Structure formats: structure tokens, C-alpha cells
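Contents: one structure, followed by commentary.
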Amino acid sequence: MKSTTAAADTVEFRVTGYAHPDAQALSAEVQQEYVRRYGDPDETVMHAEDFEAPSGLFLIAYLGGRPVACGGWRAKQAGPDGVRDGDAEIKRMFVIPAARGRGLARAVLRHLERTAVEAGLTRAILETGTEQPEAVALYESEGYAAIRKFGIYREHPMSICLGKELFATA
């Protein structure tokens with residue numbers, strides 16, 4: 001998927017996988033963002049194979065050939081914390097500061113949702129936090145609503161878990 005204007009503003013979305021060097025570099029940046037906002041990195045276990053087809057996907061948005069945004073989903077199985085079979089957990093949504101305000105996060109999120117539906121998943125779920133108000137606003141504007149908390153931060157008072165039913169579009 002490409003969108004073009006001037007060459008320096010060309011956005012290209014590439015499915016890279018989580019092990020890709022650009023994915024790892026952006027993940028390191030998002031971890032530093034978590035440290036700035038929460039005092040610690042996210043300790044959620046992440047395995048590259050979780051983001052490989054058919055049970056996952058990781059993509060990067062490139063602006064003028066430079067990696068500037070990323071996100072992925074991994075299929076989940078039902079568990080005692082309200083996670084259901086058919087859930088796609090959204091992970092590592094991030095846009096570098098210099099590229100913010102261009103709609104990249106929304107575009108990445110919509111791409112993730114579309115590919116999750118294509119993979120047969122029926123709900124997107126995610127965990128964010130109280131110190132990420134812009135992320136919460138984005139998700140709520142895209143139809144996400146509070147769900148039962150899940151994951152390693154489910155007992156943390158700063159944790160916010162959101163979900164959205166996914167539907168195939170014609």
C-alpha cells in the first residue's frame with residue numbers, strides 16, 4: 001500500500017516481520033518512550049514468530065525511505081482473562097516524534113485491522129496506558145472501547161485495555 005505526494009513525503013507500508021532490523025530499531029525507540037512515560041520498558045514477552053503469517057503480522061511505514069512508524073498483531077487464544085479465540089492483539093504501535101501529526105498511526109492501525117480480518121480474526125484487542133492519552137484518543141476515535149484487562153499489566157492501575165469487533169468490508 002502506497003500513498004504518494006512529493007517524493008520526500010511518499011509513505012510506503014511494508015510487511016517486514018518483527019525480527020527485521022528496522023522493526024527492532026523502532027521497537028527500541030518505543031521502549032525508550034515507555035521509559036520516559038512510565039519509568040520502565042514494557043516487559044511483555046515478544047517473539048518474532050508471533051508476528052509471522054498466518055498467526056501474525058508486523059509492518060513498518062516508511063516515509064521517504066526512512067522507517068517512521070510500526071505496528072503488529074498476533075493471534076491470541078482464549079484464556080481466563082477474557083481473551084477470546086479470534087482475537088488479534090495489537091502490539092508496538094509507534095510513530096517517531098518527527099513523523100507525528102501525519103495520520104500514520106491511524107493508517108497503520110487500519111492496515112493491521114484489515115489484515116487481521118483477512119486472516120479470519122474477529123476482534124482487535126490492545127493494552128495501553130494512562131500516560132499515552134494520544135494513543136487512547138486514537139483508539140477511541142476508531143471505535144475501541146474498554147474491555148476486561150488482560151496480560152501482564154492487568155492489575156496495574158495505569159493499564160488500559162481496549163477492544164473492537166472486526167468485520168469484513170465488501
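What the Cβ-Cβ distance of R36 and V136 gives, at R0 = 22 Å and to the nearest 0.05, is a FRET efficiency of 0.85.
Size descriptors for segment 56-159: radius of gyration and Dmax over Cα atoms are 13.9, 44 Å. A simple rule links phi to the HN-Hα coupling: the Karplus curve 6.51 cos²θ - 1.76 cosθ + 1.60 with θ = phi - 60°, which for segment 63-76 gives 10, x, x, 9, x, 10, 7, 7, x, x, 9, 9, 5, 10 Hz, with x for Gly and Pro. Note on segment 2-124: Kirkwood hydrodynamic radius from all Cα pairs is 14.9 Å, rounded to one decimal.
Residue separation times 0.36 nm, minus the C-alpha to C-alpha distance between E12 and V45: what's the value? Extra length from E12 to V45 when fully extended: 9.1 nm. In the chain, the calculated helix contribution to ellipticity at 222 nm averages -8000 deg cm²/dmol per residue, counting -39,500 (n - 2.57) for every DSSP H run with n ≥ 4.
At 0.36 nm per residue, minus the direct Cα-Cα distance, what do T122 and D81 gain on full extension? Give it in nm, one decimal, please.
Numbers: separation 41, 0.36 × 41 = 14.76 nm, distance 1.74 nm.
Fully extending the segment from T122 to D81 adds 13.0 nm.
No value in this document is a laboratory result; all are computed from the given coordinates. Source: prediction; values computed, not measured. FYI the Cβ positions are ideal-geometry reconstructions off the backbone, even for glycines, and counts take in every protein chain you see.
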